[in-house]
Amino acid sequence: MTAIIWFRRDLRLHDHAALHTAALTGEPIVPLFIMDDAFCQPDAVADKRSHAFLSAVDNLAGSLQEVGGRLLIRRGNPADVLCQVARETGADKVFYNRAYTPEARKRDATVTEALERQGMRVHACKDLLMHEPGDILTRQRTPYALFTPYKRVWLTLPKDRPFPQPTSWRMCEGLAEMPGESAPLAEAFGRKRPVGSEWATALFGERTARERLQQFMHEAVHRYKERRDFPGLDATSHLSFALNAGTLSIRTVYHQALEAMEEARGEEVASVEAFVTELVWREFYQQVLYHHPHTTDHAFLPQFEAVAWENDEALFSAWCNGETGYPIVDAAMKQLNETGWMHNRLRMIAASFLTKDLLVDWRWGMRYFAKQLVDFDEAANIGGWQWSASTGTDPQPYFRIFNPVAQGEKFDPDGTFVKKYLPVLSEVPLQYIHKPWEMPEHVQEQAGCRLGLDYPDPCVDHASRRKLAMSLFQEAKDSYARTQK
Ligand SMILES: Cc1cc2nc3c(=O)[nH]c(=O)nc-3n(C[C@H](O)[C@H](O)[C@H](O)COP(=O)(O)OP(=O)(O)OC[C@H]3O[C@@H](n4cnc5c(N)ncnc54)[C@H](O)[C@@H]3O)c2cc1C
């Protein structure tokens, strides 16, 4: 008999649970990727995001070719496509790796039902996470809503080792003649290739991901703790795309981190531990969304569901375009718009600024990030936004509001990052780089940066907006408390 491997967010051949499990049967395999129609809509996701993901699919197709196989790429409803491919190939089994978001779970339940109705066997494997949502619960068997106790348990549990890549491949005969899309996919699906040399297809494949991992574990991980918050340094792993598209597996990353821990000396140990903590955040947010699916669109903390956001369209648009007049926020948004990725410290600053300074609903920002981020992950995005907006689990308390000038001065002290994405500020003296509105006119002339002409005046006054935000959050809390009496 024959087994279909349904590739989704696991676009690799090494350390792949479903592939490994299917290979153990010794039966010929049909590698399949199904293109979701929604993903191809021009407005659904930015070109960078779709290009990166489809490039990873292209890369997987190339890797399969190297081992004598072929990736079938079909478009349409997954249940229909899988039944059709099973009919064409005589397959009686489907293997895939489990996903945990509300939409993905609904889709997988429908697909499983349809396939089982056709008499097929469906094997869903654990792959995306080290520990699945139900694995870590409190003594009362409830999910954790606080990160620290969750992490304590996560660290003590036994961990799976990476799976070996199959050594011999038995591909279903006749695959080469079967109809299906061929690479390069992004163009085939009518998506423009983004401008810029960094958009080379090779960047998004399995090989590049493994190289990036090796490089990071060899050097930067040992100084991660002290350097990770500075966007002007290349100090974080940049593995988020690889982990979300699955060009790297979490087992491989985790076990490489353990090896780096063994080599670490003194302070370096804490650095590797800090990196592992980030991997735990990734799983923490997956389980929050799994157990609280309403958080896709509602506040985790009900008292902050009804904050009276102003939702000013012009301010939102200034934020999206990096034209707020606050350099650290604007440079962050330019980084997102130009590269499809944003440094974690900047995601927090930009999200805090949108919600607490511009008083725009966190859901607007969350959707903008979802469209632009190459490394988009629904659970991490919701978690990050709700944390920043003070509406989520372990939130930043609503009265502790980031000051964009102080954040800039602390985390981009020499203005390297701001100048990179806002070249108009490149001649601005350091003392004004994070508050250009304080520049006297003659300094503006000398720096070639006239406020209101070359660079915008600040769109709001931080001090007064901070007070307003606190009162709106307090009002929402009080009014919720009254409804609970
Ligand atoms: C408002 C907001 C939105 C975010 N949206 C996303 C998103 O859509 N996709 C996404 O992968 N991350 C998101 N994050 C988390 C984090 O910013 C990115 O994972 C990180 O910046 C990716 O860069 P890196 O790979 O160099 O991270 P590193 O610092 O090297 O961390 C290693 C890995 O740990 C995971 N990780 C790190 N920080 C977090 C975190 N706070 N939450 C969950 N996982 C984490 C990622 O998989 C990351 O690749 C968001 C954070 C905020 C504040």
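The values are calculated or read from the model by the stated rules, or taken from the named source; none is laboratory data. Every value quoted in this text rests on a predicted model; they were computed, and no experiment measured them. Reconstructed Cβ throughout: ideal geometry from the backbone, glycine too, with neighbour counts over all protein chains shown. Ligands, DNA and RNA are excluded from the accessible area calculation, which covers all protein heavy atoms including side chains. Shrake-Rupley method; radii C 1.70, N 1.55, O 1.52, S 1.80 Å.
Of all the listed residues (Asp478, Asp414), the sole one being within 27 Å of Trp387 (Cβ to Cβ) and not in a strand (DSSP E or B) is Asp478. Could you list all residues from region 250-260 that are open to solvent by less than 10 Å² (accessible area, probe 1.4 Å) and within 12 Å of the ligand (Cβ to nearest atom)? Listed by number, the residues that qualify are Ile250, Val253, Ala257.
Screening Met366 with (1) touching a residue at least 24 places away in the same chain (Cβ under 8 Å); (2) near the ligand (Cβ under 10 Å from one of its atoms); (3) assigned to a helix (DSSP H, G or I); (4) farther than 30 Å from Gln431 by Cβ gives one miss only, at (1). If you go through region 429-466 and keep only what is under 17 Å from Ala406 (Cα atoms), part of a helix (DSSP H, G or I) and either free of Cβ contacts under 8 Å to residues at least 24 places away in the same chain or open to solvent by 40 Å² or more (accessible area, probe 1.4 Å) (or both), you end up with Leu430, Gln431, Tyr432, Trp437, Glu438, Ala463, Ser464, Arg466. Identify all residues within region 214-242 that are of a type in the set (A, V, I, L, M) and either more than 12 Å from the ligand (Cβ to nearest atom) or surrounded by fewer than 22 Cβ atoms within 10 Å (Cβ to Cβ) (or both); write none if there are none. Correct list: Met217, Ala220, Leu233, Ala235, Leu239.
If you filter region 280-297 down to residues that are more than 9 Å from the ligand (Cβ to nearest atom) and open to solvent by 10 Å² or more (accessible area, probe 1.4 Å), you find that the one that is nearest to Phe147 (Cα to Cα) is Val288. Exactly one residue out of Asp80, Asp47, Asp15, Asp92 is open to solvent by 40 Å² or more (accessible area, probe 1.4 Å) and either over 15 Å from Gly180 (Cα atoms) or in contact with a strand residue (DSSP E or B) (Cβ under 9 Å, 6 or more places away or on another chain) (or both), and it is Asp47. Would it be correct to say that Val424 is surrounded by fewer than 19 Cβ atoms within 10 Å (Cβ to Cβ), over 30 Å from Ala308 (Cα atoms) and in contact with a strand residue (DSSP E or B) (Cβ under 9 Å, 6 or more places away or on another chain)? In short, yes.
For (1) within 9 Å of the ligand (Cβ to nearest atom); (2) under 24 Å from Lys435 (Cβ atoms); (3) open to solvent by less than 40 Å² (accessible area, probe 1.4 Å); (4) not aliphatic (A, V, I, L, M), each residue gets a yes or a no:
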{"residue": "Gly322", "(1), (2), (3), (4)": "no, yes, yes, yes"}
{"residue": "Ala331", "(1), (2), (3), (4)": "no, yes, yes, no"}
{"residue": "His343", "(1), (2), (3), (4)": "yes, yes, yes, yes"}
{"residue": "Gln372", "(1), (2), (3), (4)": "no, no, yes, yes"}
{"residue": "Phe376", "(1), (2), (3), (4)": "yes, no, no, yes"}
{"residue": "Ala379", "(1), (2), (3), (4)": "yes, no, yes, no"}
{"residue": "Ile382", "(1), (2), (3), (4)": "yes, no, yes, no"}
{"residue": "Gln386", "(1), (2), (3), (4)": "yes, no, yes, yes"}
{"residue": "Thr391", "(1), (2), (3), (4)": "no, no, yes, yes"}
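Inspection of region 257-267 finds a residue satisfying the criterion of being on the phi > 0 side of the Ramachandran plot and free of Cβ contacts under 8 Å to residues at least 60 places away in the same chain. Among the residues of region 50-65, those identified as open to solvent by 10 Å² or more (accessible area, probe 1.4 Å) and within 21 Å of Glu27 (Cβ to Cβ) are Ser63, Gln65. The set of residues from region 153-178 being open to solvent by 80 Å² or more (accessible area, probe 1.4 Å) and free of Cβ contacts under 8 Å to residues at least 40 places away in the same chain comprises Thr156, Pro158, Thr167, Ser168, Glu177.
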